[in-house]
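S.K.: Dropping the structure in here first, questions after.
Throughout, read-outs are computed from the coordinates displayed, never taken from laboratory work. Please read all numbers here as calculations on a predicted model, not as lab measurements. No Cβ is skipped: glycine too gets one built from the backbone with ideal geometry, and neighbour counts run over all protein chains shown.
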Amino acid sequence: MDEPQGLQRPDRRRPEPLWHQAETALRELIKSGEWAAGSQIPNEDRLGDMLGISRITLRHALRNLEEAGMLRREHGRGTFVRSATMVAGVRGLTSFTDEMRTLALEPGTRLIAAQILPATEVIAEALEVSVEAPIVQLRRLWLGNGMPIGIQTTHLAAERVPGLYGAAPSVGSLYRWLKDNCGIDPIKAKEVYRVGSVPAGDADLIELPAGTPAFEVERITFDRTGPFEFALSIMRADRYEIRSTLFV
């Protein structure tokens, strides 16, 4: 592989650590598309020469990009740029849109359906509202670089989100819309991950055969007044990863 034209070599005169400069430089190559999804990057010796840094410094940068889901290492083959992959683990509470951009993936959201329904017992308990209270339900397809990653069904108490049902087709980042229009600012969320499978009704949208193993994610999100969102998602297991760091 020739040296990328957009590569910014670390500058030892700058205050940022060399590994951080190298990580930023490589991240920009992926974000710009100069290193395309699925392509193999140069080996460590070649890459170290390109950047003018030691192998130890380079490995620090590569490890961070691998943990962020931007690179994957295949033993005996080398290191490759990942295709659209979302990595869940220790992270901040952000919208899908912001999380995708952090991973250098172009976010996309397609509204499948929007409706107002009476709260079931499960939804009422999650949102701390009365059974049969009006609920805005949004079903949306999540995309990364134009490829389906998952389908999320979101439930919100209608009294807390006036105008959302009518605006649903034009909503990109839901959290940004809620903050700008309803003053709802998320502060924490509880998530549960389970092993499940692609439902028959979602197979065409998520582009996998019905019954294919997938992650089922249940999420309750809170602002300072309490829970405002109850979301159920089906995520493609080949484009969604869960990673965690364990400590003694």
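S.K.: Between 0 and 90 degrees, rounded to the nearest ten: what's the tilt of helix 55-67 against the longest Cα principal axis of the chain?
M.R.: The two axes meet at around 20 degrees.
S.K.: To continue, here is another question. Between Leu7 and Leu117, what FRET efficiency follows from the Cβ-Cβ distance if R0 is 41 Å, with the result rounded to 0.05?
M.R.: Computed FRET efficiency for Leu7 and Leu117: 0.20.
S.K.: Let me ask something else. What does the helix-only formula give at 222 nm for the chain: each DSSP H stretch with n ≥ 4 adding -39500 (n - 2.57), the total divided by the residues, and the result rounded to the nearest 500 deg cm²/dmol?
M.R.: The helix-only estimate for the chain comes to -7500 deg cm²/dmol at 222 nm.
S.K.: Over all alpha-carbon pairs in segment 102-248, figure out the percentage whose distance exceeds 19 Å.
M.R.: 56 percent
S.K.: Something else about it: Go through 127-136, 178-187 and give me the packing order, highest mean Cβ count within 10 Å leading.
M.R.: 127-136, 178-187
S.K.: Helix 18-32: angle to the longest alpha-carbon principal axis of the chain, degrees 0 to 90, nearest 10?
M.R.: 60 degrees
S.K.: Along Cα→Cβ, 7 Å out, is where each label goes; now give me the distance between the ones at Arg63 and Thr225 in nm to one decimal.
M.R.: With each label point 7 Å from Cα toward Cβ, the separation is 4.6 nm.
S.K.: Can you give the extra length, in nm with one decimal, that the chain gains between Ala133 and Thr153 once fully stretched, where that is 0.36 nm per residue apart less the Cα-Cα distance?
M.R.: That pair, Ala133 and Thr153, stretches by 5.4 nm at full extension.
S.K.: While we're on this one: Report the charge-dipole magnitude of the chain in Debye, nearest 20, computed about the Cα centre from +1 at each Lys and Arg Cβ and -1 at each Asp and Glu Cβ.
M.R.: For the chain, the charge dipole is close to 640 debye.
S.K.: Any idea what the alpha-carbon Rg over 2.2 N^0.38 Å comes to for segment 1-65?
M.R.: Segment 1-65 yields a ratio of 1.02.
S.K.: Considering the options Val198, Pro162, Ser173, tell which one lies farthest towards the positive end of the dipole of the chain, charges being +1 on Lys and Arg and -1 on Asp and Glu at the Cβ, about the Cα centre.
M.R.: It is Ser173, whose Cα lies furthest towards the positive end.
S.K.: Per residue and in Å³, how big is the convex hull formed by the alpha-carbon atoms of the chain?
M.R.: Looking at the chain, the number lands at 172 Å³ per residue.
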